[in-house]
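Working notes for the structure below.
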Amino acid sequence: MREVAGLRVVDGARLPEALRRVLKPDALIVDEAGRGRRLPRFFYEVDSRLTADETQLAPWFRLSELLETDVREAPQLQGFPRYVPCAVTLVAAALSVFRERVGTRVQVAVNGGYRSPAHELSHAASTHNWGTAANIYRVGDDLLDAQERIDKYATLARQVLPQVWARPWGHTAGFADDHLHLDLGYVTVVPRDAVGEERPGEGAP
Amino acid sequence: MGPIRRASELQPPNGVLRTEVERLVREDGASDVAVAFYDFATETEWSLRGDRWFHAASTVKLAILLALWEAAARGHLSLDAPLHVRNRFISRRDGEPYRLDPARDADSEVYGQLGRAMRLRELAHHMIVTSSNLATNLLLDLLTPAGARDSLQRLGVEGIDLQRGVEDLRAHETGIDNRATAHGLLAVLRAIYEARGVSQEGAREMLDILLQQRFDRGIPSGLPEAVRETAQVANKTGDISTHTHDAGLVLLPERAPYAVVVLTAWPAGGESRQSTVARVSAAVYARLIAGEA
């Protein structure tokens, strides 16, 4: 197993243009309520599927569990190297606390961890674009596709993670009816050894 | 790519075959029938009510298979790409979500992958071989009905009216259904065999999937027993309470194949009537192949 500290931290603003176009580092986008939200700028670079599989983000979660997307992700991000916001460690830590509480396996769905702003499911600023959200499809043998089960596990999550937000059950936009969405909000993480955060044209403070 | 050319009609046997098909379906109680075949050996085509529209039932999966490979051939997607397996679809009627009932689906394997990903190629296999409704809706959700129709149009396939995912009951209640004509399904089979808009390798792959078909009580059952031992049939059935269909390519040793489509409608409440489809298949074989002898 590898540690997340072994991953290279990259400044998204310095990535090639083709990647910046889909990752949109530090860009201001609009959330469902019309409020501006600034996307993360610093990412872990994941060089291979093996690295994703072997990197332990938190006691119960490997990086690959929060990185899996499908054909709807931008083509530039379907292969490797891949880039994931550094805040992914926070949601992994929160999920591990949840995992301890429920005492059984917690399955995050494909497209249910980090997905880029260019992913076809990214309509407005979604916390998935920050890497701070998880769509949980299954807890143990329980498929979370009914209100009773979604509400039950949302309550358990709030008991151990007071800061977490759970999407309410429902069928329309802003609700969920076939998974439990948990997120930590629009959190960004700048690792201690990251380069300075000056924007293009900005001098050093 | 222009419309698939209609070949000249078979002359001598067509009246006889028409009479025989009409007699068979009348005896079995069907309320309607359409038949079409195309013989790759003689480049001849024959049909009975070939342009009549029927509820497509699961034969629409043939068209989705072709549209998927056409999209891949255009570089629009990779057949090895993963797709999230999710049992949640949007009704064509009102945009409300609906789910498939696993108990009404012939394939349970795809449901075991909920929340995970399956490759498009694998989903296509399940859609055809075990007629998985879940795999079908996942693929159509990705392609979109309009996108799939565009693919068929580019291939010159007419006679397929692809509107919605399967088991979209609310859409069905308002008359929004997938429909097909015998000519339309025949054009799909020809496009697959002739590798229209796809590579030879792609066409071969579609054919290989169809040859693994597990539902064989229609066209394959109608072939003479001795022929069944050496023939291969690449087919897709369709069965709902009021319609029973089969469409397939019959691959015979030492002879070019033929494509045949049998569409039947029945009074509501009946059981599967694939035995009638088999009898029509037998009649087509007798006129087309046995007649050569």
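If you rank A:Tyr114, B:Tyr193, A:Tyr186 by fewest surrounding Cβ atoms within 10 Å, what's the result?
So the residues, fewest neighbours to most, are A:Tyr186, B:Tyr193, A:Tyr114.
Note down the magnitude of the dipole of region A:1-120 about its Cα centre, charges +1 on Lys and Arg C-beta and -1 on Asp and Glu C-beta and zero elsewhere, to the nearest 20 debye.
Values: 18 positive and 16 negative charges, 50 e Å.
Using Cβ point charges on Lys, Arg, Asp and Glu, region A:1-120 gives about 240 debye.
What are the trypsin sites (Lys or Arg not before Pro) within region A:114-177 that DSSP puts in a loop, where the Cβ has at most 10 other Cβ atoms within 10 Å? List each step's numbers first, then the result.
On the way: sites: A:Arg115, A:Arg138, A:Arg149, A:Lys152, A:Arg158; in loops: A:Arg115.
Hits after loop and neighbour filter: nothing returned.
Kindly rank B:91-103, B:135-147 from highest to lowest mean number of other beta carbons found within 10 Å of each residue. Numbers along the way, then the final one.
Numbers: B:91-103: 14.2, B:135-147: 20.7.
In descending order of packing, they fall as B:135-147, B:91-103.
What nm distance separates the two modelled labels at B:Arg204 and B:Thr144, each placed 7 Å from Cα along Cα→Cβ?
3.4
Report the label-to-label distance for B:Ser78 and A:Arg149 in nanometres (one decimal), using points 7 Å from each Cα along the Cα→Cβ vector.
Computed distance between label sites B:Ser78 and A:Arg149 equals 3.2 nm.
Among B:Thr144, A:Ala157, B:Tyr98, which residue has its Cα positioned farthest towards the positive end of the charge dipole of the protein assembly as shown, with +1 placed on the Cβ of Lys and Arg, -1 on the Cβ of Asp and Glu, and the dipole taken about the Cα centre?
Final value for the positive-end residue is A:Ala157.
Pull up the cross-link candidates among the lysines for B:Lys236, meaning alpha carbon to alpha carbon under 29 Å and not fewer than 8 places away within one chain.
In chain and number order, the partners are B:Lys61.
Under the definition of partner shielding as Cβ atoms of other protein chains within 10 Å of a residue Cβ, what is the mean value for peptide A:67-75?
Per residue, the number of nearby Cβ atoms from other chains is 5 on average.
Among the aspartates and glutamates, which fall within straight-line cross-link reach of A:Lys152, defined as a Cα-Cα distance under 18 Å, with same-chain neighbours fewer than 8 residues apart omitted?
A:Glu100, A:Asp141, A:Asp142, A:Asp177, A:Asp178, A:Asp183
Counting pairs of alpha carbon atoms under 8 Å apart in space and at least six apart in sequence, what relative contact order in percent does chain B give?
25
Grab the DSSP H runs of the protein assembly as shown that are 4 residues or longer, score each as -39,500 (n - 2.57), total them, divide by all residues and round the 222 nm result to the nearest 500 deg cm²/dmol.
After summing the helix terms and dividing by residue count, I get -9000 deg cm²/dmol.
Between A:Glu3 and B:Leu169, what is the label-point separation in nm under the 7 Å Cα-to-beta-carbon projection?
Distance between the two pseudo-spin positions: 5.6 nm.
Quick one: what are the phi-derived ³J(HN,Hα) couplings along region A:157-163, Karplus 6.51/-1.76/1.60 with θ = phi - 60°, whole Hz, x for glycine and proline?
Taking θ as phi minus 60°, the curve returns 5, 5, 5, 9, 9, x, 7 Hz for region A:157-163.
Please report the relative contact order for chain A, taking Cα pairs under 8 Å with a sequence separation of at least 6, and give it as a percent rounded to a whole number. Mind dumping the intermediate values first?
Working: 398 pairs, mean separation 40.2, N = 205.
It comes to 20 percent, rounded to a whole number.
Give me a single rounded figure for B:116-122: the average over its residues of other chain Cβ atoms within 10 Å of their Cβ. Before the final figure, lay out the partial values.
Values: counts 7, 7, 2, 2, 2, 0, 0.
Per residue, the number of nearby Cβ atoms from other chains is 3 on average.
Percent relative contact order of region A:82-194, based on C-alpha pairs within less than 8 angstrom and at least six residues apart?
30
Order by neighbour count: B:Met127, A:Met1, fewest other Cβ atoms within 10 Å first, most last.
With the fewest neighbours first, B:Met127, A:Met1 line up as A:Met1, B:Met127.
Using +1 at the Cβ of each Lys and Arg and -1 at the Cβ of each Asp and Glu in region B:153-253, identify which of B:Gly238, B:Asn178, B:Pro224 lies farthest towards the dipole's positive end.
Of the candidates, B:Asn178 comes out farthest on the positive side.
Sort A:Glu120, B:Glu43, B:Glu20 by Cβ crowding within 10 Å, fewest neighbours at the top. All intermediate terms of the calculation are to be shown ahead of the outcome.
Details: A:Glu120 14, B:Glu43 11, B:Glu20 18.
Result, fewest neighbours first: B:Glu43, A:Glu120, B:Glu20.
Values in this text are rule-based calculations from the coordinates and carry no lab data. Quantities reported herein were computed from a predicted structural model and do not represent experimental measurements. Please note: Cβ atoms are built from the backbone with ideal geometry, for glycine as well, and neighbour counts cover all protein chains shown.
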